[in-house]
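A.B. asks: Attaching a single structure in structure tokens format; questions to follow.
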Amino acid sequence: MSKTSKFEKNPGRIRFLTWFMAMMLTAFAAGCGGGGGGGDPVLGLSGTPGGPAAAAPNAPTVTATVPVRAITGMPINRAITATLSQAMAPATITSTTFLLRAFNSTGVLSAVSGEVSLDPTGTIATFTPGTRAVPVSLAPATSYTATITTGAKNLAAGTAIAADYSWSFNTALTADTTSPLVLATAAYGTTGVLTGATGLPVNRDSTATFNEDMDAATITAATFTLTCAAPCVNPAGVVSYSGRTATFNPTGDLSPATLYTSTITTGAKDLAGNALAANYVWTWTTGAATDTTAPTVTLTNPAALAINVPVTQAINATFSEEMRQGTMITTNFTLTETANPNVKLLGTVAYDVANSIATFSPTSDLTPDTDYTVTVTNAAQDLAGNALLVPAAGGLPRPNPWTFRTAAVVVPPPALAINLRSAATFGIASRAGLTSSGPVVVNGDVALSPNPACVNVPGPANCAVHTMAPNALGLFVNGSVWFAADPPPGDNGGTALTVTNDLTTAWNEGLAKPDTLAPAGGTVAAGALGGPLPTGKTFLPGVYTATTTMNLAAGNLAILDAVGNPNAVFIFKVGTALTDSGILANPSEIRLTNGAQARNVWFVVNGAATLGTGTKWNGNILAGGTIVLSGGSTVNGRLLAGAAGAGGFTMTSTPPLEPALIITVPQ
């Protein structure tokens, strides 16, 4: 059965917040969590000069971390996790083998006290500053280094990890107060089908993907259930969590031609302790068949036989269907120097559920002018447990395994994403206030400075309060509001001022990005963002410039194609104004494909930005002036206004003619 995508709502909810949250889930594809990691240059851990470190035979490795290596703006109240390639011995995963240290004002590392726990699978270690019962926040705007030491050993044979594994990150100014969302579900391998899908295979896992990293200890058989109506017997199964995906794996095939219901309850929490705001429910009906089709690798980046590959390159493999998260690990995704096939290089693996892409990130730069071989082994499985088809050398289908050669000289890396600094968790930032008319949902934080004016019509007259309760008629912020001179629990405007200042810094950084598609391929003529359906207009990763205005016409489609690289960056610089002309009867769309992520898409506008009604928008807008949004639109991105010194927000939505306007911060 072919794979589709599922972003669905549950029409049976009646409580307001549940209804609102369900509407939010219609919009977005999930980004993949985890990944990252690597050697720490200060501590001298994990990684060797001139090429990435190699893994010892059969030794467990760190396959993903939260937060990822070198990230800035991690909320101060999130726990830190490391995912390992094998089940670990619980007695060896403790506060003496999982360390967190902070750089103080003199640049010296000091230990952070915390409690370390291991999830039921034995593969996800969590460091909670303080204790799980009484967590404490990290210091804001501070550099931290986390380390898994060689005292960590696997359960099977007591084998230690080959070398201390360390990664560093910087904290944000604020805590995470945003409830997590379920963004994508898979009913036995079929993602993206609306509730009520029929004819689904009876032997595949059921999965739910979240918009952020979750606390694995809260993803259990009590919080993820699978049921059916009598005379059907509720199936037994095993619940697990990996990446950002929860999986219910039945112990046997389901009954054919039967309606099933999956539920994620509010007991599921993110790493900051925020619970799902409402139960998330979806249903489907099985068919009679089982899924016996083996998955394959369909696309790679770098491509097979590629040359002059940058030594900083991450390696991506796209699969023919959705894969089991638990099999997307370094044990099954190997990178070797072709001349030394028995020496596997260290790295981490992240898996993008929405696009079925696994990304291997080496712990340090590759060696220049060297041949490498990549293999995804047949231990990788789809949601039915079918092993990946890996042909013998020279066989078909290709391209797995595949080879590439690094550049002999340093190749400039592709365009880098814009650094938002403290603004990273903010869905809205404005220098000139905000006006909201009708139902608007912001999944993320809001910063208003220096003008804190915030009008919520027809809700409360002034919405400049730190926490906004759900409001069926006006603005609802699923996060925190920070504004000039905000009283406790605010900080007298310090955070809001820092965020809007960082917005200006990021805006200037974006405008300074040079076009990457020389000599003139990076220039986008006025009105050229998108094209008529069904083909639209496709953009490859890079930096583009519209010297005057940029317009996405009503009914037009812009496709951002990452070519299998979920780290690909798209930047559109606009000389004057950005205008989307879509209407409900003829909406426009920014569509992401082949691994493109909304968090890596940037529209940097000198002037104002306007989005029409019904628009499906993916990407962040950094506007020098105002931003105007209309009802029925869904924005998977950050909207930051007034970077040039002035500019506010106007958001309108008039039900029932226009549904709620929804803005969600991508992660």
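The values are calculated or read from the model by the stated rules, or taken from the named source; none is laboratory data. Since we're looking at a predicted model, the values are computed, not measured. Every residue, glycine among them, receives a Cβ derived from its backbone with ideal geometry; neighbour counts consider all protein chains shown.
A.B. asks: Between a first residue in the range 404-422 that is at negative phi and a second residue that is in a loop (DSSP other than H, G, I, E, B) and at pLDDT below 80, which pairs have beta carbons less than 6 Å apart while being 6 or more apart in sequence or on different chains?
C.D. replies: What qualifies is Ala415/Thr516.
A.B. asks: Scan the range 487-510 for residues that are of a type in the set (Asp, Glu) and part of a helix (DSSP H, G or I) and report the count.
C.D. replies: Residues in the range 487-510 being of a type in the set (Asp, Glu) and part of a helix (DSSP H, G or I): 2 in total.
A.B. asks: Could you tell me whether Thr128 is modelled with pLDDT of 95 or more, over 16 Å from Leu271 (Cα atoms), part of a strand (DSSP E or B) and outside the structural domain of Asp502 (by TED's automatic domain parsing)? Don't jump to the end; show me each part of the working.
C.D. replies: On the way: modelled with pLDDT of 95 or more: yes; over 16 Å from Leu271 (Cα atoms): no; part of a strand (DSSP E or B): yes; outside the structural domain of Asp502 (by TED's automatic domain parsing): yes.
Here the answer is no, as Thr128 does not meet what is asked.
A.B. asks: So, in the range 148-181, of the ones that are in a strand (DSSP E or B) and surrounded by fewer than 20 Cβ atoms within 10 Å (Cβ to Cβ), which residue ends up modelled with the highest pLDDT?
C.D. replies: Initial filter on the range 148-181 (in a strand (DSSP E or B)): 148, 153-154, 160, 165-171.
Then drop every residue that is not surrounded by fewer than 20 Cβ atoms within 10 Å (Cβ to Cβ), which leaves 160, 170.
Numbers: Ala160: 96, Asn170: 93.
So, considering only residues that are in a strand (DSSP E or B) and surrounded by fewer than 20 Cβ atoms within 10 Å (Cβ to Cβ), the one modelled with the highest pLDDT is Ala160.
A.B. asks: To continue, here is another question. For the range 123-134, which positions are of a type outside the set (S, T, N, Q) and crowded, with 17+ Cβ neighbours inside 10 Å?
C.D. replies: Within the range 123-134, Ile124, Ala125, Phe127, Pro129 qualify.
A.B. asks: What's the total number of residues in the range 549-571 that are more than 13 Å from Arg591 (Cα to Cα) and assigned to a strand (DSSP E or B)?
C.D. replies: Narrowing the range 549-571 to residues more than 13 Å from Arg591 (Cα to Cα): 549-551, 553-554, 563-569, 571.
Right, trim to assigned to a strand (DSSP E or B) and you get 550-551, 571.
Total meeting the criteria: 3.
A.B. asks: I've got another one for you. So Arg244 clears everything in (1) over 30 Å from Ala568 (Cβ atoms); (2) at pLDDT below 95 except one condition, right? Which one?
C.D. replies: Tallying (1) over 30 Å from Ala568 (Cβ atoms); (2) at pLDDT below 95, Arg244 fails exactly one: (1).
A.B. asks: While we're on this one: Among the candidates Gly326, Gly385, single out the residue that is out of contact with any Gly (no Cβ under 8 Å at 6 or more places or on another chain) and surrounded by fewer than 19 Cβ atoms within 10 Å (Cβ to Cβ). Break it down into steps so the answer makes sense when it comes.
C.D. replies: Details: Gly326 fails: surrounded by fewer than 19 Cβ atoms within 10 Å (Cβ to Cβ).
Unique residue meeting the criteria: Gly385.
A.B. asks: Being in contact with a helix residue (DSSP H, G or I) (Cβ under 9 Å, 6 or more places away or on another chain) and crowded, with 24+ Cβ neighbours inside 10 Å narrows it down to one residue among Ala568, Ala596; which is it? Steps first, answer last, please.
C.D. replies: On the way: Ala596 fails: in contact with a helix residue (DSSP H, G or I) (Cβ under 9 Å, 6 or more places away or on another chain).
The conditions single out Ala568.
Residue-by-condition table, conditions (1) of a type in the set (Lys, Arg); (2) touching a residue at least 40 places away in the same chain (Cβ under 8 Å); (3) in contact with a strand residue (DSSP E or B) (Cβ under 6 Å, 6 or more places away or on another chain):
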position: Ala59; (1), (2), (3): no, yes, no
position: Thr83; (1), (2), (3): no, yes, yes
position: Ala89; (1), (2), (3): no, yes, yes
position: Ser95; (1), (2), (3): no, no, yes
position: Ser117; (1), (2), (3): no, yes, yes
position: Pro120; (1), (2), (3): no, yes, no
position: Ser137; (1), (2), (3): no, yes, no
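A.B. asks: Identify all residues within the range 215-254 that are farther than 28 Å from Arg132 by Cα, of a type outside the set (D, E, K, R) and assigned to a loop (DSSP other than H, G, I, E, B); write none if there are none.
C.D. replies: Ala229, Ala230, Pro231, Cys232, Val233, Asn234, Pro235, Ala236, Thr251, Gly252, Leu254
A.B. asks: On to the next question. Filter the range 470-498 down to the residues that are of a type in the set (Val, Ile, Thr) and in contact (Cβ under 8 Å) with a residue 60 or more places away in the chain, then identify the one that is farthest from Asp445 (Cα to Cα). So that I can check it myself, show each step before the final result.
C.D. replies: Start the filter on the range 470-498 by keeping residues that are of a type in the set (Val, Ile, Thr), which leaves 477, 481, 495, 498.
The next check asks that each one be in contact (Cβ under 8 Å) with a residue 60 or more places away in the chain; those that pass are 495, 498.
Values: Thr495: 11, Thr498: 14 Å.
Here the residue is Thr498.
A.B. asks: Would you tally the residues in the range 54-109 being part of a loop (DSSP other than H, G, I, E, B), of a type in the set (Val, Ile, Thr) and closer than 27 Å to Thr178 by Cβ? Working first, answer last.
C.D. replies: First, pick out the residues of the range 54-109 that are part of a loop (DSSP other than H, G, I, E, B): 55-61, 67-73, 75-79, 85-87, 89, 93-97, 104-108.
Checking which are of a type in the set (Val, Ile, Thr) leaves us with 61, 68, 71-72, 76, 93-94, 96-97, 106, 108.
With closer than 27 Å to Thr178 by Cβ added as a condition, the list becomes 68, 71-72, 76.
Residues that pass the stated criteria total 4.
A.B. asks: What number of residues within the range 487-518 satisfy the criterion of being surrounded by 20 or more Cβ atoms within 10 Å (Cβ to Cβ), at pLDDT 90 or above and either touching a His at 6+ places or on another chain (Cβ under 9 Å) or acidic (Asp, Glu) (or both)?
C.D. replies: 1
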